[in-house]
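See below for the structure under consideration.
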Amino acid sequence: MWTNDKRVLASPAYQKRFNTPAAGTVESMLKMLPQAQYNNLIQYINQLDHKPFHLAIEHDMQFWELWGRNRFDMKVMEFTNISHHIHMLKHEEIHAAISQDDTRKHKAVLDCLPLPFCLKNAKHDIMFCNYAYAELFNSNVISVIAQQLRFDNPEIPIPEERIFKVALGGKLRVFRIQSTVLPFDNGTLETIWEQTNICNLTKENDDQKKYFHDVCQHLSTPIAIWNENLALDFSNKAYVDLFKFDPLFLAKHPNLSDVLDDLHGRQKLPEPANFTLFKNKEIEAVKTLTTSVSEILHLPNGKILHHTRFPLSTGVIFLYEDMTDTYSLKQQNKILTDVQKHTIDHLFEGVLVFGSDHCVQLFNPAVQEMFNLRIAERYHLNDFLKQTNQLLQDLPSVFSRRQAYDGTIASDIRWAYTPLPDGSHMLRFVTVTQVALG
């Protein structure tokens, strides 16, 4: 402070900080400043009689706030160290710049996300959205915010989740919108999940399922389909008829355990020694089924069923075939065949049957002994002719004409040809001696 520019007094703190004497000229008190700052400050000091000043300077890596005033007829200049405050401001500016840069990066990342979303404030106004959201409206982010483009009505209460069907670009599209309340500013995050393809696939799947069920209902093969929880998902009329089910029982979609109990109670399953153990094994086998499995079931009522299980992506399908009549016919045919073979094997008359391919189908010991034949697998008519020294060399033409014929070989063997209905050829041979004895 001073009244005379030649006699300026400095406070102890000023002396210590700027290394100046207790008194001196204005020039000596400001000698530590760079020339530019010194010249600028002198200009302010020269106007101090009329106008106070307030400015900031930098000296020796420090920042100072200067106040120049007139007090009690004295000129006073105060220096205040504001370095810490300046550094804080610079730090905040740097931090703000970094935050702004991070915000730009985050926004760029959000714009790259294919999932549309927007942020709404407490009044449900759209404050921000990403590029995918704006693209739904064939617009840009600025226009979306300016025009408040949205699917819903902001005046109607918004549920946490809802489904919207909207015609966009000439195509009906389905969206599932989820709203999540944010933990700040009472805002809301809305995510838009397109369900168009899923809805189309679901409808297509339902249509295919209905078509499949309609077809299966008209099949004679009994069919039962169990879902992933082993509950009955579908059964056709043939399945109901095969096991004489109560339709009301199946309409309740019982699980496999209940159906096995019902079948066991009505003796429609094989009788195991321990039904509980049998049932548990059946259920476990179905749960772990990875490839198709077939088995023959012999029921207490005499029925024989061919049972096949096929694993599905979401369950398993049961197919049944009633083999009772087939097995009965096979058994009867086997008995008849055995009787015929036994009879033919004990005939004195030699019998030889060739198929339509001229390979032997049937022969008896008598014909082998009569011609000393060596009959092996795929024994052909040509083999017979060779082993009999062409005794019946016209047989190929006889076979082709397929007309009954008889004759004599070497004057002691009579033979006869008979064409069979299935295209086979039967030859019978008998010796004259056997005929005479007969």
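Here are some notes:
- Scanning region 377-410 for residues that are under 15 Å from residue 423 (Cα atoms), among the polar types (S, T, N, Q) and touching a strand residue (DSSP E or B) at 6+ places or on another chain (Cβ under 8 Å) yields a single hit, 403.
- Residues of region 1-38 satisfying the condition of being out of contact with any Phe, Trp or Tyr (no Cβ under 9 Å at 6 or more places or on another chain) and open to solvent by 70 Å² or more (accessible area, probe 1.4 Å): 1, 3, 4, 5, 6, 7, 12, 16, 19, 35, 36
- When restricted to residues that are modelled with pLDDT under 90, in contact with a helix residue (DSSP H, G or I) (Cβ under 6 Å, 6 or more places away or on another chain) and surrounded by 15 or more Cβ atoms within 10 Å (Cβ to Cβ), region 406-438 contains 0.
- Number of positions in region 284-314 that are outside any strand (DSSP E or B), open to solvent by 70 Å² or more (accessible area, probe 1.4 Å) and farther than 15 Å from residue 258 by Cα: 7
- Highlighted here are the strands (runs of 3 or more DSSP E) found entirely within region 1-92 that include at least 1 residues which are charged (D, E, K, R): 7-9, 53-59, 62-71, 74-81.
- Identity of the residue in region 47-68, at pLDDT below 85 and not hydrophobic (A, V, I, L, M, F, W, C), that ends up most open to solvent (accessible area, probe 1.4 Å): 50
- For region 143-192, a tally of residues being assigned to a strand (DSSP E or B) and closer than 27 Å to residue 203 by Cα returns 20.
- Residue pairs whose Cβ atoms lie under 9 Å apart, separated by 6 or more positions or on different chains, with the first residue in region 209-232 and farther than 13 Å from residue 286 by Cα and among the basic types (Lys, Arg) and the second outside any helix (DSSP H, G or I) and open to solvent by less than 80 Å² (accessible area, probe 1.4 Å), are 209/234.
- Residues that are of a type outside the set (A, V, I, L, M), surrounded by 12 or more Cβ atoms within 10 Å (Cβ to Cβ) and closer than 18 Å to residue 244 by Cβ within region 267-278 comprise 268, 270, listed in sequence order.
- Any hit, region 121-144, residues being among the aliphatic types (A, V, I, L, M), within 17 Å of residue 189 (Cβ to Cβ), surrounded by fewer than 16 Cβ atoms within 10 Å (Cβ to Cβ) and touching a residue at least 40 places away in the same chain (Cβ under 8 Å): yes
- Counted residues, region 372-387 - those being surrounded by fewer than 10 Cβ atoms within 10 Å (Cβ to Cβ) and of a type in the set (S, T, N, Q): 1
- Given (1) modelled with pLDDT of 90 or more; (2) in a strand (DSSP E or B), number of the condition residue 362 does not satisfy: (1)
- Checked against (1) under 25 Å from residue 138 (Cα atoms); (2) open to solvent by 70 Å² or more (accessible area, probe 1.4 Å), residue 217 passes all but a single condition, namely (1).
Matching residues to (1) of a type in the set (A, V, I, L, M, F, W, C); (2) under 30 Å from residue 209 (Cα atoms); (3) free of Cβ contacts under 8 Å to residues at least 40 places away in the same chain:
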{"position": "308", "(1), (2), (3)": "no, yes, yes"}
{"position": "368", "(1), (2), (3)": "no, no, yes"}
{"position": "382", "(1), (2), (3)": "no, no, yes"}
{"position": "394", "(1), (2), (3)": "no, no, yes"}
{"position": "398", "(1), (2), (3)": "yes, no, yes"}
{"position": "408", "(1), (2), (3)": "no, no, yes"}
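- Of the candidates 330, 334, 281, the single residue that is open to solvent by 60 Å² or more (accessible area, probe 1.4 Å), at pLDDT 90 or above and either farther than 20 Å from residue 235 by Cα or part of a helix (DSSP H, G or I) (or both) is 281.
- Any hit, region 171-183, residues being open to solvent by less than 70 Å² (accessible area, probe 1.4 Å), touching a residue at least 40 places away in the same chain (Cβ under 8 Å), more than 20 Å from residue 135 (Cβ to Cβ) and not charged (D, E, K, R): yes
- Filter pass, residue 402 being under 21 Å from residue 424 (Cβ atoms), open to solvent by less than 100 Å² (accessible area, probe 1.4 Å) and not β-branched (Val, Ile, Thr): yes
The values are calculated or read from the model by the stated rules, or taken from the named source; none is laboratory data. Note that this is a predicted model, so its numbers are computed, not measured. When we count neighbours, we look across all protein chains shown, and the Cβ atoms used for this are built from the backbone with ideal geometry, even at glycine. To get the accessible areas, we keep the full protein, side chains included, count just its heavy atoms, and leave off ligands, DNA and RNA. Shrake-Rupley method; radii C 1.70, N 1.55, O 1.52, S 1.80 Å.
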